[in-house]
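Coordinate-derived values only; no laboratory data. Remember, it's a predicted structure, so these values are computed and weren't measured experimentally.
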Amino acid sequence: MPTSPYLQEITADNFETAVALRVRPDQEHLVAPVVKSLAEAYVHPGVAWPRLIRDGDEAVGFLMAFFGIDWTGEGTDFRSGLWRLTIADGQQGRGYGRFAVEALAAEIRRRGGTSLTTTWHPGPGGPAGFYRSLGFRPTGETSGDQVVGVLDLR
């Protein structure tokens with residue numbers, strides 16, 4: 001029987017499943033481990049929105065979003081977007097990343113947002129092609145050593 005991917009809140013019941021998710025070894029330098037993301041979610045309550053990506057009973061990935069953060073710290077540029085995206089080793093190329101970004105875009109729209117911001121590591125093996133295929137465009141900004149991209153949701 002076919003299943004559909006869905007997002008699931010992280011709870012005590014699925015915490016171990018979440019922290020066990022790993023990307024391919026050659027991608028480990030591109031994304032923080034899920035356990036670090038959950039620690040950041042704990043210290044940023046009300047901002048971080050961590051979710052498992054599931055397909056039926058199987059955990060296939062993890063995303064963490066943010067909503068309404070003061071991007072520049074100047075009180076004039078509030079953004080929502082994708083903080084982390086992990087698609088598990090062996091699950092990539094099956095549409096789960098696209099599903100996760102589209103589900104997050106729907107949540108941002110539901111909250112009244114009109115754009116989705118994310119960052120990525122540039123260079124070989126990085127996710128730039130994936131994000132560009134979804135319609136993200138680089139803004140010309142950087143965040144540390146990462147490219148900042150935005151997806152218009154209007």
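What the table below lists for this structure:
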{"read-out": "Taking only Cα atoms of the range 66-154, radius of gyration then Dmax in Å", "value": "13.1, 42"}
{"read-out": "Mean Cα-pair separation over length for the chain, i.e. relative contact order, pairs under 8 Å, 6 or more apart, %", "value": "19"}
{"read-out": "Beta bridges by DSSP in the range 9-154, antiparallel share as percent, to the nearest 5", "value": "95"}
{"read-out": "For the range 29-97, diffusion coefficient by Stokes-Einstein and Kirkwood Rh (Cα), 37 °C, 0.692 mPa s, µm²/s", "value": "249"}
{"read-out": "Selected from Ala65, Ala20, Ala128 as most flexible by GNM, with the chain as the system and alpha-carbon contacts under 10 Å", "value": "Ala20"}
{"read-out": "Cα Rg over Rh - the chain, Kirkwood", "value": "0.94"}
{"read-out": "Whole-angstrom gap from the range 1-45 to the range 116-154, using each part's C-alpha centre", "value": "21"}
{"read-out": "Degrees separating the helix 34-43 axis from the principal Cα axis of the chain, which is the longest one", "value": "50"}
{"read-out": "Acute angle (nearest 10 degrees) that the helix 96-110 long axis makes with the longest principal axis of the chain, alpha-carbon atoms", "value": "50"}
